[in-house]
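K.L.:
Please see the structure below; I have some questions.
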């Protein structure tokens with residue numbers, strides 16, 4: 001069913017959100033604890049009018065995973081993703097850390113920059129126990145015969161961006177670009193699609209700048 005989130009509710013690019021939260025007025029998000037980041041982000045989103053009622057998309061439910069609930073906006077032509085209560089996806093900044101709001105915003109920004117996509121932040125969901133972020137991504141029309149790429153095709157695709165698979169890492173879906181000092185995780189076929197023209201389109205990758213201990217680990221593992 002149509003929901004019409006894009007074009008009805010305001011949004012901001014994750015790049016602009018990071019810029020305003022880290023260099024604008026108020027406390028720099030990078031200097032805050034995870035709990036304080038959550039409070040700061042919610043206050044800022046509220047001040048910007050970036051808050052979304054559940055009825056804006058509740059009837060377009062597609063499915064739920066470990067990181068998000070996903071909905072379809074047939075009017076705006078996009079997928080809508082809603083983080084779980086007080087959680088911000090997986091974390092690849094460190095092998096032990098829990099993802100912060102800033103980790104999540106950086107992940108979205110890197111996705112846009114690397115893959116030329118248009119992920120947008122619409123704000124937070126009103127009337128929930130924990131902060132839940134609402135984002136959108138242009139809807140991808142899947143290939144009629146083959147929905148997802150093989151892992152070997154993903155290897156070739158990410159190599160175009162300088163990322164090589166760290167095959168011996170316990171999670172076999174980790175890719176590392178030593179020059180950019182970026183790591184991509186969860187790069188398995190369920191998180192990339194083949195579009196109608198057969199092009200690989202990432203939809204749910206985890207992208208981060210690893211901290212020094214994780215960086216050292218990645219450079220040691222073949």
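K.L.:
In this structure, does residue 184 turn out to be assigned to a strand (DSSP E or B) and under 29 Å from residue 12 (Cα atoms)?
P.N.:
Answer is yes for this residue.
K.L.:
Looking at 155, 103, which one is more than 26 Å from residue 60 (Cβ to Cβ) and under 10 Å from the mean Cα position of the chain (by Cα)?
P.N.:
Sole residue among the options that is more than 26 Å from residue 60 (Cβ to Cβ) and under 10 Å from the mean Cα position of the chain (by Cα): 103.
K.L.:
Given the criteria touching a helix residue (DSSP H, G or I) at 6+ places or on another chain (Cβ under 9 Å), over 21 Å from residue 140 (Cα atoms) and outside the structural domain of residue 203 (by TED's automatic domain parsing), does residue 5 qualify?
P.N.:
no
K.L.:
For residues in segment 43-62 being part of a helix (DSSP H, G or I) and touching a helix residue (DSSP H, G or I) at 6+ places or on another chain (Cβ under 9 Å), which is farthest from residue 134 (Cα to Cα)?
P.N.:
Ranking the candidates gives 44 first.
K.L.:
Taking interchain pairs and intrachain pairs at least six residues apart, which have beta carbon atoms under 7 angstrom, with the first residue in segment 23-38 and closer than 21 Å to residue 84 by Cα and the second part of a loop (DSSP other than H, G, I, E, B) and at pLDDT 90 or above?
P.N.:
Filtered contacts from segment 23-38: 34/98; 34/100; 37/100; 38/131.
Okay, residues lined up against (1) touching a strand residue (DSSP E or B) at 6+ places or on another chain (Cβ under 6 Å); (2) surrounded by 14 or more Cβ atoms within 10 Å (Cβ to Cβ):
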position	(1), (2)
152	no, no
159	no, no
166	yes, yes
185	yes, yes
190	no, no
204	no, yes
214	no, yes
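K.L.:
Quick check on this structure: which one of 193, 121, 131, 114 is assigned to a strand (DSSP E or B) and assigned by TED's automatic domain parsing to the domain that holds residue 88?
P.N.:
121
K.L.:
OK, next. Out of everything in segment 76-106 that is assigned to a helix (DSSP H, G or I) and touching a residue at least 60 places away in the same chain (Cβ under 8 Å), what residue ends up being surrounded by the fewest Cβ atoms within 10 Å (Cβ to Cβ)?
P.N.:
Out of the qualifying residues, it is 106.
K.L.:
Looking at this structure, is residue 148 in contact (Cβ under 8 Å) with a residue 24 or more places away in the chain and out of contact with any helix residue (DSSP H, G or I) (no Cβ under 6 Å at 6 or more places or on another chain)?
P.N.:
The answer is no for residue 148.
K.L.:
Also: Might you check whether a residue that is modelled with pLDDT of 95 or more, over 10 Å from the mean Cα position of the chain (by Cα) and farther than 23 Å from residue 9 by Cα occurs anywhere in segment 127-139?
P.N.:
No.
The values are calculated or read from the model by the stated rules, or taken from the named source; none is laboratory data. Given the structure is predicted, the values throughout are model-derived calculations rather than measurements. Backbone-built Cβ (ideal geometry, glycine too); neighbour counts: all protein chains shown.
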